[in-house]
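Below: one structure, written as structure tokens.
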Amino acid sequence: MKKLMYPFLLVLISAVLAACGADDESKSADKKEEAKTAETDQQDQQKQMEEMQKKMDKQKLDEEKTVAIVNDQEILGREYNSVLTSSQMMYQQMGQDPTTKDAADKIKEQTLDSLVGQTLLLQEADKKGYKASDEEVKKQLEETKGQFKDDKEFETAMKQAGLNPDSLEKEIANNIKYTKYINGEIKPGEVTDAEIQKFYDEYASQGGAEGQEPPKLEEVKPQIKQQLEQQKQQDMLVKHVEELKKSAKIDIKV
């Protein structure tokens, strides 16, 4: 969540610095002009961000609207909007405009697919008895809040993510259940030395083409193994969700 704060903080810091520069009478004429230019640029940037936010907000749905029904469980607009906001942020972080027609269509499809998959997995987690205790939720909530300098910054991050305190606690509880279920039910196969070597050779070849000397295999072998395990687990998870979909009743309403 802290990553969602970076654009806001950069704007705020830039605005403060520009104001300080403009108000300091001891600055030279050139410095004053530079400060004025920076302030103007900042105002333009702020306006662009506000316009972009308005465009992104138009993609949101009514919070009480039924977006989909998965095995008789409703997915509401507030849940859709939360995932939508995260997807929009990811597009922006990659330097892409999430409000173009093509991007908006892809984001909508990805958001719905993500929500359906998440719902199916959580339903399975409930069936198998995976739970999140109050203590676990409280601990993770405190760890999340601890990433921010104060409550105001934390609340801003929640707002940007389309969350409130109640929905955040629900997301944390779901995340704990989801993690327990994945670790308990989706076990990746053993990563072989041959797979690690192949990954390393491709990595080293790419680094060599860019004029960089790659580290020795022994230095990065644990990281490569972990990455390959995560990739295998992710591949298994995708297949698992597809299997769950086959026997599920899914009704998309938007």
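The values are calculated or read from the model by the stated rules, or taken from the named source; none is laboratory data. Predicted, not measured: the structure shown is a model, and the values here were computed from it. Here the Cβ is made from the backbone with ideal geometry for all residues, glycine too, and neighbour counts use every protein chain on show.
Within the option set Ala209, Ala157, Ala194, being modelled with pLDDT of 90 or more, of a type outside the set (D, E, K, R) and either more than 30 Å from Gln53 (Cβ to Cβ) or under 28 Å from the mean Cα position of the chain (by Cα) (or both) holds for one residue only, Ala194.
If the condition is being in a helix (DSSP H, G or I) and exposed (fewer than 11 other Cβ atoms within 10 Å of the Cβ), then segment 244-254 contributes only Lys246.
Restricting attention to segment 64-98, report how many residues are within 26 Å of Lys127 (Cα to Cα) and not polar (S, T, N, Q).
Total meeting the criteria: 13.
Of everything in segment 91-103 that is on the phi < 0 side of the Ramachandran plot and either out of contact with any helix residue (DSSP H, G or I) (no Cβ under 9 Å at 6 or more places or on another chain) or of a type in the set (Val, Ile, Thr) (or both), the residue that is modelled with the lowest pLDDT is Met94.
Which of the numbered conditions does Asp113 fail, given that it passes all the others? Conditions: (1) touching a Lys or Arg at 6+ places or on another chain (Cβ under 6 Å); (2) without any contact (Cβ under 8 Å) to a residue 12 or more places away in the chain; (3) surrounded by fewer than 15 Cβ atoms within 10 Å (Cβ to Cβ). Answer for Asp113: the failing condition is (1). The set of residues in segment 126-139 being surrounded by 15 or more Cβ atoms within 10 Å (Cβ to Cβ) and either within 23 Å of Leu84 (Cα to Cα) or more than 22 Å from the chain's Cα centre (by Cα) (or both) consists of Tyr130 alone.
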